[in-house]
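Working notes, structure below.
The values are calculated or read from the model by the stated rules, or taken from the named source; none is laboratory data. Everything numeric in this text was worked out from a predicted model, so none of it was measured. Cβ coordinates were reconstructed from backbone atoms using ideal geometry, including for glycine residues, and neighbour counts include every protein chain displayed.
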Amino acid sequence: MDTLLQDTLTHLRALVSYDTRNPPRTIGTGGIFDYLREHLPGFHVEVTDFGAGAVNLYAVRGTPRHLFNVHLDTVPDSPHWTASPFELRVDGERAVGLGACDIKGAAAALVAVANATDGDMALLLSTDEEANDARCIDGFLKTRRDYDAIIVAEPTRGEAVLAHRGIHSVQMRFLGRAGHASGDQTPSDSALHQAIRWGAAALDHVQALSHARFGGLTGLRFNVGKVEGGIKANMIAPTADVRFGFRPLPSMDADALLETFRTLVEPHPVEYGETFRGDALPAGDVATAETRRLAARDLADELGIPIGNAVDFWTEAALFSLAGYTSFVYGPGDIAQAHTADEWVALEQLGHYARTIHRIVSGHQ
């Protein structure tokens, strides 16, 4: 095991020991941030608390061209862990611990590189990615900074991901008229009937978009996640609430899709709104998205990072792309291990990521 990987595991052991589960959104400016301040030599460090467990650490040394972004918050642990999720276990060829894969392993490697070289380097470490609340990145983006690119760490198996889907979560309500179910009904009487008709129309619309493509991704991902309403079988349902989500391709017009879903059937829902919105990567219309994808591809090639396939999961790289930065996703680990009990990252991938970042920061392209 080389020294850089050993140092990475030392820092990962420390980072995993800090409870940054999100929820419950109780992360403050001490704890893990005290550790990071102590282990970022020669960096100018700013820590900003946006409230509700959303904290940024922005650290800069010299005049770097690239900014490395990693989220430090994790999902809650499940009861199926076989040991403490806050104690790193190095088991054969794996490092096991809460956040080891998603994505404290990358953060630990960045800290190890910061200590192994005196090269120019910039880090943005944040804690609200798992909360579906972009206040950390939104806060950072209020000030324009001069970087050639933002490289966002997520588990991509050591490949540069240039494109991924957006994600939109929507809640809506249909309004009917309570009454006895024995009589004739008009299409608008039952809120549940409205919701069911809407669901059928939505699935048909999604099927009609199955031919759409971008960067190896195909079609629109869609899911009705929850339907609630009605009182009993012999009563007409006065209200029905529906929660659904869709994941568009880059270049799809998300606002147009939202309006289409709202107006699929009549009567239209009386309440309708997004509960979370994450644009696709790269952001923009077809031409803009393709231009941004090519810029990210060229940079990944310049940095010697292999290019992987587009992915279905969402990352905060899309927020940087929307703000006009060249951005791609690159990190150790496999998304299949993220959010699982006994989450793990392969030592080989962790070591390779650390060596790649060391080469970039050292300027040895």
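Number of residues in segment 67-89 that are hydrophobic (A, V, I, L, M, F, W, C), under 30 Å from Phe140 (Cβ atoms) and out of contact with any Ser or Thr (no Cβ under 8 Å at 6 or more places or on another chain): the value is 3. Scanning segment 329-345 for residues being in contact with a His (Cβ under 9 Å, 6 or more places away or on another chain) and surrounded by 17 or more Cβ atoms within 10 Å (Cβ to Cβ) gives a total of 3.
On the stretch given as segment 236-256, residues that are out of contact with any helix residue (DSSP H, G or I) (no Cβ under 6 Å at 6 or more places or on another chain) and outside any loop (DSSP other than H, G, I, E, B) total 10. Residues in segment 157-213 that are of a type in the set (Ser, Thr, Tyr), within 22 Å of Glu271 (Cα to Cα) and either touching a Phe, Trp or Tyr at 6+ places or on another chain (Cβ under 6 Å) or modelled with pLDDT of 95 or more (or both): Ser169, Ser190. The residues of segment 199-220 that are crowded, with 16+ Cβ neighbours inside 10 Å and touching a residue at least 60 places away in the same chain (Cβ under 8 Å), listed by number, are Ala202, Phe214, Gly215, Leu217.
Just so you know, in segment 84-93 the residues that are in a loop (DSSP other than H, G, I, E, B) and without any contact (Cβ under 8 Å) to a residue 12 or more places away in the chain include one that is nearest to the chain's Cα centre (by Cα), and it is Ser84. For the structure I just gave you, tell me whether Thr326 is buried (at least 19 other Cβ atoms within 10 Å of the Cβ), closer than 19 Å to Ala134 by Cα and in the same structural domain as Asp91 (by TED's automatic domain parsing). Yes, satisfied.
For Ser251, the stated conditions hold: it is in contact with a Gly (Cβ under 8 Å, 6 or more places away or on another chain), surrounded by 19 or more Cβ atoms within 10 Å (Cβ to Cβ) and assigned by TED's automatic domain parsing to the domain that holds Ile196. The residues of segment 1-58 that are of a type in the set (Ser, Thr, Tyr) and under 25 Å from Ala95 (Cβ atoms), listed by number, are Thr3, Thr8, Thr10, Ser17, Tyr18, Thr20, Tyr35.
Taking Gly304, is it loosely packed, with under 15 Cβ neighbours inside 10 Å, of a type in the set (Gly, Ala, Ser), out of contact with any helix residue (DSSP H, G or I) (no Cβ under 8 Å at 6 or more places or on another chain) and in the same structural domain as Gly99 (by TED's automatic domain parsing)? No: the conditions fail for Gly304.
For every residue, the table says whether it meets (1) hydrophobic (A, V, I, L, M, F, W, C); (2) in contact with a strand residue (DSSP E or B) (Cβ under 6 Å, 6 or more places away or on another chain).
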| residue | (1), (2) |
| --- | --- |
| Gly99 | no, yes |
| Ala107 | yes, yes |
| Val111 | yes, no |
| Ser126 | no, yes |
| Asn132 | no, yes |
| Asp138 | no, no |
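Here Ile151, Ile137 are screened, and the one residue that is crowded, with 21+ Cβ neighbours inside 10 Å, assigned to a helix (DSSP H, G or I) and either within 15 Å of the chain's Cα centre (by Cα) or free of Cβ contacts under 8 Å to residues at least 40 places away in the same chain (or both) is Ile137. Only a single item in (1) more than 25 Å from Asn132 (Cβ to Cβ); (2) outside any loop (DSSP other than H, G, I, E, B) is not met by Ala233, and it is number (2). Taking every residue in segment 221-243 that is surrounded by fewer than 18 Cβ atoms within 10 Å (Cβ to Cβ) and pairing it with any residue that is assigned to a loop (DSSP other than H, G, I, E, B) and among the charged types (D, E, K, R), at least 6 positions away or on another chain, the pairs with Cβ-Cβ distances below 9 Å are Arg221/Arg165; Arg221/Asp312. Here is a check on your reading of the model: is Gly176 touching a helix residue (DSSP H, G or I) at 6+ places or on another chain (Cβ under 7 Å), over 24 Å from His66 (Cβ atoms) and touching a residue at least 12 places away in the same chain (Cβ under 8 Å)? When the stated conditions are applied, Gly176 passes them.
Of the listed requirements (1) among the hydrophobic types (A, V, I, L, M, F, W, C); (2) in contact (Cβ under 8 Å) with a residue 12 or more places away in the chain; (3) not in a loop (DSSP other than H, G, I, E, B), Ile196 misses just one: (2).
Residue-wise test of (1) modelled with pLDDT under 95; (2) small (Gly, Ala, Ser).
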residue	(1), (2)
Gly245	no, yes
Leu257	no, no
Phe261	no, no
Arg277	yes, no
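Counting the residues of segment 77-97 that are touching a strand residue (DSSP E or B) at 6+ places or on another chain (Cβ under 7 Å) and exposed (fewer than 13 other Cβ atoms within 10 Å of the Cβ) gives 2.
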